[in-house]
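S.K.: Let me give you the structure first, and then I'll get to my questions.
The values are calculated or read from the model by the stated rules, or taken from the named source; none is laboratory data. Owing to the predicted nature of the structure, the values given are computational and were not obtained by experimental measurement. Positions of Cβ are generated from backbone atoms using ideal geometry, with glycine treated the same way; all protein chains shown enter the neighbour counts.
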Amino acid sequence: MQFMKRFYLLCAPGAAALAIVALWALLQAPTQAALEAGAASTQTTSAAMDLIGAAQPTPSPNCRYGVDALAQNQLNWLPVLGTGWYSDFAAHAPAPAVPAEFVQVLGVSQKRNGCTYFDDYSTAPPLTDTGLGNIIDASRGALWLIGNEPDRGPNPEDVTCKDPTQGNTFPEVYARAYHDAYTFIKSRDPSAQVANAGLVEVTPGRLQYLDKVWEAYRQRYGTTMPVDVWNMHLYILPEALPDGQPNGIANIALGTDPALAIRESGGNPANCGNHGIYCWAQHDSLAAFDGQVTAMRTWMKQHGQQNKPLILSEYSILYPFQDYDDPVNPTTCFLQDEYDKCFTQQRIAAFMNSTFSYLESAVDPSLGYPLDQYRLVQRWMWYSLNTSQVGQVSNLITDNLLALTQPGQAFQTFVLNHATYQNLRPDNAPPVTAILPAASSTATVTLQVRVVNSGDGSIKTPFGVMFYADSALTQPIGYAVVTPPLGGCERQAAMAKVTWSDVPVGAHRFWLKVDFKNVVAESDEGDNVISGTATIYPAGIFLPLLFRG
């Protein structure tokens, strides 16, 4: 066995990224050649980028597929790969002008002095008008991830606890941080969507961390934790040594029972597949991958959250492929699994293809998201475009940022060969109320509907929304035209409005059909109709005042 050198998680910009101990510093810091390549890449000319674009096919952006980008000079590759969303593990505005959705990540950390944790937290940027407030105002409708892997604490050998790792926040403190961030964001932008922090992985220990967050929120605020979009990370990593001590890889989740931790195999292939053990060889196991997705969806259902979307905002292969004797058929490398196999780029590309196929097709009516044909996961994000830290084997572009790696080619090919589709859906037709004007027998009201596209490709054709006074859709009230584009994955919405005149006193139902002339080719034409109500009160009736908290 060649793999028994020790390695540890390091605080890469947001990723659950692995680092090797000082005896092999190559993964702790880039080589001089890599530094020079990185410096050169920041000076990439527009002519060079034009050459990249000309040499590579450009798929239509697919909103389900995303990437983590660790530098702005990597973003030219987003349209080449066909990605529809990305993150750089930070919150800022304005987002770069690229054809992909930028996802905001608010940093959350528990305050501490060395190994002494205080019952308080900080955010980056701070929850102030001049800090986070300005970013919210410039990013209306954004998706916000509150924190990044807060469950992971310092490595066991770090007796001073100076290792910043990730959010390093106990569940009870994270619950308060989430509440304050959610409230701050929603008060300034009700159209924003807010998601929880992705934990390092989804294991029994991590689910206990999530349970503790959920219960702490309920006890403190008297209500369930409001989450618009549930978020997870997925790395198949052991959390403890064979003896149960924290291992420095995923580590035991803060504030959880150490007995729940998934242990290392001890290098023994006979332990692979045993309950409570993750082998190195399982780091790219599709069965273990499915197990974590199913566990997360099961937890959501148990907590009344099945009707929420689930995103996978970070995953890939982190175990290193270095010091190999052959890049295609190696017999030795820095890290081998229990079966003497290395984590080559070919192996990473195969893992990517299998997980992409799984994510596209994994459906379960008992667990999945009903508005997405019961798919288990709605969107996913690969780590990363290019990192000089651990996870390099999963890089999609080369260090000089001028070519796709083998995993990058696999990514592009999969997206290019997957035709995007569109599906319009009326999301909500709010009830309408009005008081009959004095000396009038009828009133005029404004009807409206929120329209979304639940497909994975953007709609680029104008379409109409017709409102009707009958369920047979034979008595038109009026129509509105929605102008493109309308992005997919329900991340954008259009409001269609019409005026309904001569409406008498009483409660009246109305119906509407999205794309009533069928100009948009949709995957499901059966979900385009919805109904609503308009109620007219006699003159002299006073409607109650409603205050939004």
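S.K.: Give 400, 423, 395 a once-over and let me know the one that is buried (at least 22 other Cβ atoms within 10 Å of the Cβ), of a type outside the set (Lys, Arg) and within 17 Å of residue 77 (Cβ to Cβ).
M.R.: None of the others qualify; the one that does is 395.
S.K.: Being farther than 30 Å from residue 495 by Cβ, among the charged types (D, E, K, R) and either surrounded by fewer than 19 Cβ atoms within 10 Å (Cβ to Cβ) or at pLDDT below 95 (or both) is the requirement here; does residue 228 meet it?
M.R.: Criteria not met by residue 228.
S.K.: Another question about this same structure. Part of a loop (DSSP other than H, G, I, E, B), buried (at least 22 other Cβ atoms within 10 Å of the Cβ), at pLDDT below 95 and touching a Gly at 6+ places or on another chain (Cβ under 6 Å): does that describe residue 153?
M.R.: No; evaluated as a whole, the condition is false for this residue.
S.K.: If you go through the stretch 19-32 one residue at a time, do you hit one that is assigned to a strand (DSSP E or B), modelled with pLDDT under 50 and not polar (S, T, N, Q)?
M.R.: yes
S.K.: Of (1) in a helix (DSSP H, G or I); (2) surrounded by fewer than 21 Cβ atoms within 10 Å (Cβ to Cβ), residue 77 satisfies all except one. Which?
M.R.: Unmet condition: (2).
S.K.: Here is a further query. Kindly indicate which of 311, 277 is surrounded by 19 or more Cβ atoms within 10 Å (Cβ to Cβ), hydrophobic (A, V, I, L, M, F, W, C) and either closer than 30 Å to residue 115 by Cβ or touching a Lys or Arg at 6+ places or on another chain (Cβ under 8 Å) (or both).
M.R.: Just a single option satisfies the conditions, and that option is 311.
S.K.: Hey, among the residues in the stretch 156-187 that are more than 13 Å from residue 210 (Cα to Cα) and acidic (Asp, Glu), which one's modelled with the highest pLDDT?
M.R.: Here the answer is 180.
S.K.: Being in contact with a helix residue (DSSP H, G or I) (Cβ under 7 Å, 6 or more places away or on another chain), surrounded by 14 or more Cβ atoms within 10 Å (Cβ to Cβ) and not in a strand (DSSP E or B) is the requirement here; does residue 95 meet it?
M.R.: Values: in contact with a helix residue (DSSP H, G or I) (Cβ under 7 Å, 6 or more places away or on another chain): no; surrounded by 14 or more Cβ atoms within 10 Å (Cβ to Cβ): yes; not in a strand (DSSP E or B): yes.
Against the criterion (in contact with a helix residue (DSSP H, G or I) (Cβ under 7 Å, 6 or more places away or on another chain), surrounded by 14 or more Cβ atoms within 10 Å (Cβ to Cβ) and not in a strand (DSSP E or B)), residue 95 does not qualify.
S.K.: Just checking, how many residues over the stretch 179-196 are out of contact with any helix residue (DSSP H, G or I) (no Cβ under 7 Å at 6 or more places or on another chain) and either more than 14 Å from residue 224 (Cα to Cα) or in contact (Cβ under 8 Å) with a residue 40 or more places away in the chain (or both)?
M.R.: So the count comes out to 9.
S.K.: Just give me the residues in the stretch 135-150 being surrounded by 17 or more Cβ atoms within 10 Å (Cβ to Cβ) and either in a loop (DSSP other than H, G, I, E, B) or of a type in the set (Lys, Arg) (or both), in sequence order.
M.R.: Of everything in the stretch 135-150, those that are surrounded by 17 or more Cβ atoms within 10 Å (Cβ to Cβ) and either in a loop (DSSP other than H, G, I, E, B) or of a type in the set (Lys, Arg) (or both) turn out to be 139, 142, 147, 148, 149, 150.
S.K.: Any residue that is of a type in the set (Val, Ile, Thr), under 29 Å from residue 288 (Cβ atoms) and either touching a residue at least 40 places away in the same chain (Cβ under 8 Å) or surrounded by fewer than 23 Cβ atoms within 10 Å (Cβ to Cβ) (or both) - is there at least one of those in the stretch 122-130?
M.R.: no
Residue-by-condition table, conditions (1) outside the structural domain of residue 108 (by TED's automatic domain parsing); (2) part of a loop (DSSP other than H, G, I, E, B); (3) modelled with pLDDT of 95 or more:
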| site | (1), (2), (3) |
| --- | --- |
| 213 | no, no, yes |
| 219 | no, no, yes |
| 232 | no, no, yes |
| 237 | no, yes, yes |
| 248 | no, yes, no |
| 282 | no, no, yes |
| 289 | no, no, yes |
| 292 | no, no, yes |
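S.K.: Which one is nearest to residue 380 (Cα to Cα), of the residues in the stretch 224-278 that are charged (D, E, K, R) and free of Cβ contacts under 8 Å to residues at least 40 places away in the same chain?
M.R.: 239
S.K.: Is at least one residue of the stretch 315-322 free of Cβ contacts under 8 Å to residues at least 12 places away in the same chain and either of a type in the set (Val, Ile, Thr) or surrounded by fewer than 24 Cβ atoms within 10 Å (Cβ to Cβ) (or both)? Let's see the steps before the verdict.
M.R.: Residues of the stretch 315-322 that are free of Cβ contacts under 8 Å to residues at least 12 places away in the same chain, as a first pass: none.
Among the residues of the stretch 315-322, not one is free of Cβ contacts under 8 Å to residues at least 12 places away in the same chain and either of a type in the set (Val, Ile, Thr) or surrounded by fewer than 24 Cβ atoms within 10 Å (Cβ to Cβ) (or both), which makes the answer no.
S.K.: Give the residues of the stretch 62-74 that are modelled with pLDDT of 95 or more and either part of a loop (DSSP other than H, G, I, E, B) or among the hydroxyl-bearing types (Ser, Thr, Tyr) (or both), sorted by residue number.
M.R.: 65, 69, listed by residue number.
S.K.: When both residues are 6+ apart or on different chains and their Cβ atoms are under 7 Å apart, which pairs have a first residue that lies in the stretch 504-521 and is within 13 Å of residue 424 (Cα to Cα) and at pLDDT 95 or above, and a second that is polar (S, T, N, Q) and assigned to a loop (DSSP other than H, G, I, E, B)?
M.R.: If the second residue must be polar (S, T, N, Q) and assigned to a loop (DSSP other than H, G, I, E, B), the pairs left are 513/528; 514/528; 515/528; 519/461; 520/461.
Residue-wise test of (1) on the phi < 0 side of the Ramachandran plot; (2) in the same structural domain as residue 67 (by TED's automatic domain parsing); (3) at pLDDT below 95; (4) not in a strand (DSSP E or B).
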position	(1), (2), (3), (4)
334	yes, yes, yes, yes
350	yes, yes, no, yes
360	yes, yes, no, yes
366	yes, yes, no, yes
381	yes, yes, no, no
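S.K.: Name the single residue that is nearest to residue 492 (Cα to Cα) among those in the stretch 182-202 being aliphatic (A, V, I, L, M) and buried (at least 22 other Cβ atoms within 10 Å of the Cβ).
M.R.: Ranking the candidates gives 194 first.
S.K.: Is it true that some residue in the stretch 98-109 is assigned by TED's automatic domain parsing to the domain that holds residue 311, assigned to a helix (DSSP H, G or I), free of Cβ contacts under 8 Å to residues at least 24 places away in the same chain and surrounded by fewer than 22 Cβ atoms within 10 Å (Cβ to Cβ)?
M.R.: Among the residues of the stretch 98-109, not one is assigned by TED's automatic domain parsing to the domain that holds residue 311, assigned to a helix (DSSP H, G or I), free of Cβ contacts under 8 Å to residues at least 24 places away in the same chain and surrounded by fewer than 22 Cβ atoms within 10 Å (Cβ to Cβ), which makes the answer no.
S.K.: Where residues in the stretch 255-280 are assigned to a helix (DSSP H, G or I) and in contact with a strand residue (DSSP E or B) (Cβ under 9 Å, 6 or more places away or on another chain), which of them is nearest to residue 292 (Cα to Cα)?
M.R.: It comes out as 280.
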